[in-house]
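The structure under discussion appears below in the form of C-alpha cells.
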Amino acid sequence: MSAGTIEKSKLIEMVCEKCPATCWGDKAVCSVHNLHVGKVETCPEWDKHTISQQGLKDHDGQLSFVDMEPAMELLHRTEEELRDYHFMLREIDRLQGYLEDAGEGTVGAYGIDASQPKGKGKNGDKTHAEVVRRERKWKRLSKLQEAVERIDRAAERISDEKEKTVLDAIMDGEKNNFIARQIGVSRQRYYEIKRSVIIKMAWLMYGNDEAA
C-alpha cells in the first residue's frame, strides 16, 4: 500500500511533524529511515494515517476495508501466520507422527466414542484421559492444516517475482535483513515489498470473508 490519494506533502505535514522519530526542524530527518522526510517514499505511519482517514480500498485485488481496526488486525494476523508458516509445517509433522504412533486401535475412540462412559478404576481413567488428549491433538492438527492450506492457496496467486521471493523467504523463516541482502535491495525497499505482499496476502486469505 502506498500513500494513495493523500499527497506525500500532506502526509509529511500531518504525520511526520508529530512523529517522535523525526528530528523536526531545519533537517527534518527521520531516525527510522535515516533519510530526510522529503526523500521517504513509504512509511508504516503514513499507512496507518491513510487507513484511519480512508480505510483500505480495493485497489488491484488488495484489501477492501473501511474501518482502521479490522484492516490493521487482519494485516497483523496475516503477517504472524506467514512468520509461523515454517513452524506450522514442523508442528503438523510432529502431530501426525504422534497420532500415527498411537495406533489404529485408538482412532475409533474419537468423536462420539470419546464421550461414552468409561470403566471405573485407574486403567479406565487413564484410557479416557489419553483419548481426550489425542482428540485435542487431532483438532489442533486440523486447524494447522487449514491455516497452511489457506496460505498456500493465496501464495499461488502472487505473481510479482520480487514479492514471490520475499514471501517464500518469510514463509521459510528467514530474517528481514537476510532477505533484503538476498534480493539485493535496500532495507526501505525491502519493507515496501514486504508490506505490499502482506496486504495482498491478507486480501487473498481473508478479504472475501471479512471485508465490510
Inset, instruction - Determine whether the stretch 164-177 contains at least one residue that is outside any helix (DSSP H, G or I), under 21 Å from Thr42 (Cβ atoms) and among the β-branched types (Val, Ile, Thr). - result: no
Inset, instruction - Tell me which residues, restricted to the stretch 136-168, are open to solvent by 20 Å² or more (accessible area, probe 1.4 Å) and small (Gly, Ala, Ser). - result: Ser142, Ala155, Ser159
Legend entry - Selection status of Asp26, surrounded by fewer than 16 Cβ atoms within 10 Å (Cβ to Cβ) and at pLDDT below 70: yes
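The values are calculated or read from the model by the stated rules, or taken from the named source; none is laboratory data. Keep in mind the model is a prediction, meaning the values are calculated, not measured. So basically every Cβ, Gly included, is an ideal-geometry build from the backbone, and we count neighbours across all protein chains shown. Heads up: the accessible areas ignore ligands, DNA and RNA and are worked out on the full protein's heavy atoms, side chains in. Shrake-Rupley method; radii C 1.70, N 1.55, O 1.52, S 1.80 Å.
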